[in-house]
Every structure is written in structure tokens, then in C-alpha cells.
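Peer 1: Please see the structure below; I have some questions.
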Amino acid sequence: MAEPRALGCEACPFNLGETILGCQPQTEQLRKLAPQQLVEFGACALARMDEARTDDLTRLPNIKTLKGMVAEELASGEPRPILVWFADGNRMKKVNDEQGHEVGDEVITGISSELETSLALGMFTALGSTVRLRDRRHHDMQGKSVDRRTTGDRRQGSDRLQRDLLGRRSGDEFIGVCYDVTPEEAVIIEQRIDAAVSTPFPVATSAGEIMISATTKFVYVSEARTLQDVLDAIDRADKGLNIKKSAQRKADPRP
């Protein structure tokens, strides 16, 4: 199959950018395409749609997509307990100044990978702890041990993992949203992510291994009903992170 054509490529029979934004090609135009052309057009359309929804560098959801996904998740208006968090790479200016922006981009990709991994591990740990806590409580109530980790419980945990979000806002700034977490689970997730990125970790780049870290700030919302509730929490996390980084710079003024 041919590689998806670039946006606006003269070889493309349609302006694909307008197609994705809602200007659909006419049926008679599509009928003129050979089967292979239709396959290539479909692949190109999917590629352009993916680029419109994700960050070019990390392939994470961009901020517009993240907002849309949160709005869709909270569309019912029912109160949901959520954990919102913000992460920001440390001393990225030094990396860009000394190694160049291409290497800086590689480091940003490494930070995103570390955040994705630690988020997944944090959720698995938190969900496991919740199941064990429920088991223990059930044991205490019934006076005997009963395994409540049913297939439905595991499926529910899998669904929750798929709904949790990590997106890139800009530069080395990342936003995370975890749905339906208890305060106890939120603490576990926070500890896992912060432990993974708060101390320098290695990132392999074309200039060699670079040690990098990130600063995080978490905000727990017990009843989020709308996108605005989440945006307000993101704003609080952002402001809290800036205060945290300011204190770090005073303690260690190195660039």
C-alpha cells in the first residue's frame, strides 16, 4: 500500500484537510477512483484524522482532543471522582541549549513514555489494592475468605485503564486524567508516578543517554460533573506545579 500522502499533496484527488474538517468529496468523485485509489485515500484520511487528534511528537492526545474526550466521558452530568495531574520536564532549556532541539524532542518523547508506563503501573497497583481491600472487608464481615475478583471485576478494571488519559499540552507539559478513583487509589497513583519521574531517569537519545526528571502536581476532585470542573482542576494543578518548581529553583538554582 502506498504511504499516506501529505496534507495538500497535489497527487491527492481531493483536498484531504477540508475533507476531515467536514467538506466531503462528492459521490461521483469517489466513483471515479479505482479500488486501490480508494484504499490509499482511506489510509490517507485515517492518517490525517489521527494527526488532527494527536500530538505530532509523542502521539499522545493533544489538548483539544483531551478536552473533547473528557467532555464525552462526563456527558451524563453524573458526579465522578477524578484525579487530575500535571507533569513538567525539568531543565529542558539546558538540554535544548546544549544538545539541540532535536535531542530535546527525543527527551520529551522519553518523558511521555515514562509517564505512560508509570500511569499504567499506578492504576494496576491501585486497582489491585482496592480489590484486596474489598476482599479483606468482606472476609471481616463474613468471617471467612471469599474471592470476589470475578471476571466482571477484571473487565471493569480494564475498562477504567482504557478511559484514563495522558495528553501533551505543549513543550514538555503533560496532563493526566484518571476517572472513578477513590482517595486511596489516587494516593497510590500519585506516589507511583511521582516516584518514577521526580528523580532523574535515563533517556536514550541520538546524543547518548541523558538523565532527566519531571515535576508533578496532583489535584483530586470528589465530584466532577462537567468539562469545566476538570479544566478548573487542571488550572489548580498548573498553578500548584509552578509554585513547586519555583521552590525547587530556589533550592537548586542551576539552569
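Peer 1: Within region 71-79, can one find any residue that is in a strand (DSSP E or B) and at pLDDT 55 or above?
Peer 2: No; the residues of region 71-79 include none that is in a strand (DSSP E or B) and at pLDDT 55 or above.
Peer 1: Next question, about the same structure. Exactly one condition in (1) touching a residue at least 40 places away in the same chain (Cβ under 8 Å); (2) part of a helix (DSSP H, G or I); (3) in contact with a helix residue (DSSP H, G or I) (Cβ under 8 Å, 6 or more places away or on another chain) is not met by V84; state its number.
Peer 2: (2)
Peer 1: Mind listing whichever residues of region 197-254 are more than 27 Å from G104 (Cα to Cα) and of a type in the set (A, V, I, L, M, F, W, C)?
Peer 2: Matches in region 197-254: V219, V221, A224, L227, V230, L231, A233.
Peer 1: Filter region 233-247 down to residues that are surrounded by 13 or more Cβ atoms within 10 Å (Cβ to Cβ) and either within 22 Å of V95 (Cα to Cα) or among the polar types (S, T, N, Q) (or both), then give me how many there are.
Peer 2: Adding up the residues that qualify gives 4.
Peer 1: Test of understanding: among V187, V197, V230, V177, which residue is free of Cβ contacts under 8 Å to residues at least 60 places away in the same chain, surrounded by 15 or more Cβ atoms within 10 Å (Cβ to Cβ) and of a type outside the set (D, E)?
Peer 2: V187
Peer 1: Cβ-Cβ under 6 Å, sequence separation 6+ or interchain: first residue in region 206-226 and surrounded by fewer than 16 Cβ atoms within 10 Å (Cβ to Cβ), partner in a strand (DSSP E or B). Which pairs?
Peer 2: Cβ pairs passing all conditions: E209/P202; M211/P202; S222/P81.
Peer 1: Separate question: Residue check: is T182 at pLDDT 95 or above, surrounded by 12 or more Cβ atoms within 10 Å (Cβ to Cβ) and of a type in the set (S, T, N, Q)?
Peer 2: For T182, the condition - at pLDDT 95 or above, surrounded by 12 or more Cβ atoms within 10 Å (Cβ to Cβ) and of a type in the set (S, T, N, Q) - is not met.
The values are calculated or read from the model by the stated rules, or taken from the named source; none is laboratory data. In this text the structure is predicted, and so the values were computed from the model without any measurement. Neighbour counts are summed over all protein chains in view; Cβ atoms, including those assigned to glycine, are modelled from backbone coordinates with ideal geometry.
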